[in-house]
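Novice: Here's a structure for you.
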Amino acid sequence: MNRGPVPAPATVGQTGSEVVPRWAVAALWATRAALVTAVGISLLFPDWEQFQGKGMAYRAPVYLLPMIVVPGVWRLRGRRRPYPYLTDALVIAPFLADTLGNVFGFYDTYTHTDDVLHFLNWVLLIGGITLALCRTYLRPLAAWVTGTGIGALAIIGWETAEWFVQKLGTTGLHLTYSDTIGDLVLSSTGGAIGALIAVWWAGSRRFGDRSGPAAPSPGSPAVPAAG
């Protein structure tokens, strides 16, 4: 009996109009490997001058924690395909940037390193979070507002954590009122911009992919080539 046309299998790494670019997969694994390496260096060589008074032992577990956040949330939400490789990389990237800033001594060598990274890291972090929000029922404006709000809350939490770390006896943070206010403004602004970029990116992906070949999502079955 004729049951009508059989739908073609989805392209590997594609669900509906969503395609996973291979560069996003490479970026995720490179970011993960670099973060583990950088944190490992800070723990193996705590006597290096650039690590003095920075509380790297306190930071290490906190900085590695984001590596399980996106995979955990993805599994709890039913493993919707494709896996959010870019979101995962963006959420991890700020912790890598901060650790590398200490590994290479940028904070001690360049005066504005802290300001630059506060802005850039929140662009990356909130960009990643907002990309995840765009995969939910939220409309673009709601996703942007929510992402921006999360960014503001995140920097308040970060500055509070730094204050506690300094109270525990670290001497290299040099926290001042002016520095804290500047960090709040820079990070909140970076978060708002990162959320805006993420909303634009998610919208552009819905109207046609320009990323090139797709990469397989975790657990995706192989699709044989036609012909």
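Novice: Confirm whether Arg32 is under 20 Å from the mean Cα position of the chain (by Cα), part of a helix (DSSP H, G or I) and farther than 19 Å from Leu124 by Cα.
Specialist: Working: under 20 Å from the mean Cα position of the chain (by Cα): yes; part of a helix (DSSP H, G or I): yes; farther than 19 Å from Leu124 by Cα: no.
Taking the combined requirement at face value, the residue does not satisfy it.
Novice: Within segment 96-138, how many residues turn out to be within 19 Å of Ala27 (Cα to Cα) and of a type in the set (Lys, Arg)?
Specialist: 0
Novice: Could we say that Trp122 is assigned to a helix (DSSP H, G or I) and without any contact (Cβ under 8 Å) to a residue 60 or more places away in the chain here? Can you show your working first?
Specialist: On the way: assigned to a helix (DSSP H, G or I): yes; without any contact (Cβ under 8 Å) to a residue 60 or more places away in the chain: no.
Answer is no for this residue.
Novice: Is there any pair linking a residue in segment 66-83 that is in contact (Cβ under 8 Å) with a residue 12 or more places away in the chain to one that is hydroxyl-bearing (Ser, Thr, Tyr) and not in a helix (DSSP H, G or I), with Cβ under 6 Å and at least six apart or on different chains, and which?
Specialist: These pairs meet every condition: Arg81/Thr15; Arg81/Ser217; Pro82/Thr15; Pro82/Ser217; Tyr83/Ser217.
Novice: Which of the numbered conditions does Ala142 fail, given that it passes all the others? Conditions: (1) part of a helix (DSSP H, G or I); (2) surrounded by fewer than 15 Cβ atoms within 10 Å (Cβ to Cβ); (3) modelled with pLDDT under 80.
Specialist: For Ala142, the exception is condition (3).
Novice: Go over the candidates Thr113, Thr136 one by one and state the one that is crowded, with 16+ Cβ neighbours inside 10 Å and without any contact (Cβ under 8 Å) to a residue 24 or more places away in the chain.
Specialist: Numbers: Thr136 fails: crowded, with 16+ Cβ neighbours inside 10 Å.
Sole residue among the options that is crowded, with 16+ Cβ neighbours inside 10 Å and without any contact (Cβ under 8 Å) to a residue 24 or more places away in the chain: Thr113.
The values are calculated or read from the model by the stated rules, or taken from the named source; none is laboratory data. As the structure is a computational prediction, the values presented were derived from the model and not from experiment. So basically every Cβ, Gly included, is an ideal-geometry build from the backbone, and we count neighbours across all protein chains shown.
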